[in-house]
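The next block holds one structure in the form of structure tokens; read it before the comments.
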Amino acid sequence: MRAIRVASAALLGVTALTLSAPAAVASDDDHYVMSEGYSVQPSTVAAGGQVTLRVDRAVSGCRSSVSVYSGVFDTVVIPRNSSWAAAVVDRDARPGASYRVTFACGGISAVKELTIAGGRPVDPTPVPYPVPRGVHAGAGGTSDGFDAKEIGLGAALVAGSVGTAYVISRRRAREDAG
């Protein structure tokens, strides 16, 4: 009988811990929002050409770096202090095909379409890379983007559930003994 109570208390604690897990463990495909504030320019490009990937931070609300990926170019990261990056479309992209371009920022994703025009460019435009500004170190890994209020709320939920499980198990132990 005591083992059932202990197992129940442990299950309650694990459930509370699971439900208070941060959004950082969610994958980028968890939530799609309206794709306002993100753009692929031009929206139609020849295979081997270059596109500019833009994020309007005021409209999108994204304050961190943005990962942009598609089946037609390598993954590109728009740094948090920039509003654009360039990508070169694969030379073997199928003319006339439409590809999905996904912008991911903090577990929220937006989708745009990129259409491949017919023909191939003779001399593709070179890619202008953003000026490197060094690394932003010390963000804290998975705590980047969380504030003290969110961390405190998660800790309070876990502490409350563990405390409740302890009180319930002690109360029942006294009932069994007395």
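For Ala137, state whether it is at pLDDT 60 or above, part of a helix (DSSP H, G or I) and loosely packed, with under 12 Cβ neighbours inside 10 Å.
It is false that Ala137 is at pLDDT 60 or above, part of a helix (DSSP H, G or I) and loosely packed, with under 12 Cβ neighbours inside 10 Å.
Let's see how each residue does on (1) free of Cβ contacts under 8 Å to residues at least 24 places away in the same chain; (2) part of a strand (DSSP E or B); (3) within 20 Å of the chain's Cα centre (by Cα); (4) on the phi > 0 side of the Ramachandran plot:
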{"residue": "Tyr69", "(1), (2), (3), (4)": "no, yes, yes, no"}
{"residue": "Val77", "(1), (2), (3), (4)": "yes, yes, yes, no"}
{"residue": "Ser82", "(1), (2), (3), (4)": "no, no, yes, no"}
{"residue": "Asp92", "(1), (2), (3), (4)": "no, no, no, no"}
{"residue": "Pro95", "(1), (2), (3), (4)": "no, no, no, no"}
{"residue": "Tyr99", "(1), (2), (3), (4)": "no, yes, no, no"}
{"residue": "Ala110", "(1), (2), (3), (4)": "no, yes, yes, no"}
{"residue": "Glu113", "(1), (2), (3), (4)": "no, yes, yes, no"}
{"residue": "Ile116", "(1), (2), (3), (4)": "no, yes, no, no"}
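Inspect the range 32-40 for any residue being outside any helix (DSSP H, G or I) and at pLDDT 90 or above and give the result as yes or no.
Yes: the range 32-40 contains one or more residues that are outside any helix (DSSP H, G or I) and at pLDDT 90 or above.
Which condition breaks for Ala85 when tested against (1) in contact with a His (Cβ under 6 Å, 6 or more places away or on another chain); (2) open to solvent by less than 70 Å² (accessible area, probe 1.4 Å)?
(1)
Could you give every pair whose Cβ atoms fall below 8 Å, whose first residue belongs to the range 157-178 and is more than 13 Å from Ser8 (Cβ to Cβ) and modelled with pLDDT of 85 or more, and whose second residue is of a type in the set (S, T, N, Q) and open to solvent by less than 100 Å² (accessible area, probe 1.4 Å), counting only separations of at least 6 or pairs across chains?
If the second residue must be of a type in the set (S, T, N, Q) and open to solvent by less than 100 Å² (accessible area, probe 1.4 Å), the pairs left are Leu157/Ser20; Val158/Ser20.
In the range 99-111, what residues are at pLDDT below 90 and open to solvent by 50 Å² or more (accessible area, probe 1.4 Å)?
Hits for the range 99-111 are Gly106, Ile108.
The values are calculated or read from the model by the stated rules, or taken from the named source; none is laboratory data. Note that the structure is a prediction, hence the values are computed from the model and not measured. Glycine gets a Cβ as well: all are built from the backbone with ideal geometry, and neighbour counts include every protein chain shown. Only protein heavy atoms, including side chains, enter the accessible area calculation; ligands, DNA and RNA are left aside. Shrake-Rupley method; radii C 1.70, N 1.55, O 1.52, S 1.80 Å.
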